[in-house]
Amino acid sequence: MDLESRVRAAGLRPTRQRVALAGLLFAPGNRHVSAEELHEEAVSAGVRVSLATVYNTLHQFTEVGMLRILPVEGSKTYFDTNTSDHHHFFVEGENRLVDIPEGPVTVSNLPEPPENMEISHVDILVRLRPKAKPLR
């Protein structure tokens, strides 16, 4: 399915900017990107788009299920093109997200949700940093 059709199938109007941003997001395969990073890529690719439009488009894509939002650092948010249930490593100092390979990640003893609520999913973010060098 081409990008214009994919945007339309998600219930969004395939504007020039949405289709161009979708091309940058989905062409390289699964990835994690911030609005600022996508804006830089768009400008470098010659796409005339404001940072506000990038934010709005990313949130619209998230609302229709094309992206998954990952809040990482206070005001820092990443968007994941892989919308399946999976978990992440966050490499501190590099501000980089990496998918945790599928495997035996389990969560136990989750609290009971409030009345009339259910848990939709659990996101696990494991923070990584380089090991400290031993003192001599």
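The values are calculated or read from the model by the stated rules, or taken from the named source; none is laboratory data. Bear in mind the structure is a predicted one, so any value in this text is a computation, not a measurement. Glycine also receives a Cβ, built like all others from the backbone with ideal geometry; neighbour counts cover every protein chain displayed. Keep in mind that these areas ignore ligands, DNA and RNA; they rest on the heavy atoms of the full protein, side chains included. Shrake-Rupley method; radii C 1.70, N 1.55, O 1.52, S 1.80 Å.
Whether a residue is touching a Pro at 6+ places or on another chain (Cβ under 6 Å), free of Cβ contacts under 8 Å to residues at least 40 places away in the same chain and charged (D, E, K, R) was assessed, and ARG16 does not pass this test. Reported count of residues in segment 1-51, each being over 14 Å from the mean Cα position of the chain (by Cα), part of a loop (DSSP other than H, G, I, E, B) and surrounded by 13 or more Cβ atoms within 10 Å (Cβ to Cβ), is 6. GLY93 meets all of the listed conditions (1) at pLDDT below 90; (2) open to solvent by less than 70 Å² (accessible area, probe 1.4 Å); (3) within 30 Å of GLN60 (Cα to Cα) but one, namely (2).
Of everything in segment 52-63, what is open to solvent by 30 Å² or more (accessible area, probe 1.4 Å), polar (S, T, N, Q) and out of contact with any strand residue (DSSP E or B) (no Cβ under 8 Å at 6 or more places or on another chain)? Give them in sequence order.
Looking only at segment 52-63, we keep the residues that are open to solvent by 30 Å² or more (accessible area, probe 1.4 Å), and these are 52-53, 55-56, 59-60, 62-63.
When the remaining residues are screened for being polar (S, T, N, Q), the result is 53, 56, 60, 62.
Passing the criteria: THR53, ASN56, GLN60.
State all residues of segment 52-69 that are part of a helix (DSSP H, G or I), among the aliphatic types (A, V, I, L, M) and under 24 Å from HIS88 (Cβ atoms); if no residue qualifies, say none.
At the first step, the residues of segment 52-69 found to be part of a helix (DSSP H, G or I) are 52-63.
Okay, now just the ones that are also among the aliphatic types (A, V, I, L, M), so 52, 54, 58.
The answer is VAL54, LEU58.
Residue under question is PRO101, and the condition is that it be open to solvent by 50 Å² or more (accessible area, probe 1.4 Å), modelled with pLDDT of 90 or more and in a loop (DSSP other than H, G, I, E, B); does it hold? It is false that PRO101 is open to solvent by 50 Å² or more (accessible area, probe 1.4 Å), modelled with pLDDT of 90 or more and in a loop (DSSP other than H, G, I, E, B).
Of all the residues in segment 112-125, those that are more than 21 Å from ILE69 (Cβ to Cβ) and open to solvent by 100 Å² or more (accessible area, probe 1.4 Å) number 3.
Answer yes or no as to whether ASN82 is open to solvent by less than 60 Å² (accessible area, probe 1.4 Å) and in contact with a strand residue (DSSP E or B) (Cβ under 9 Å, 6 or more places away or on another chain). Judged against the criteria, ASN82 is a match.
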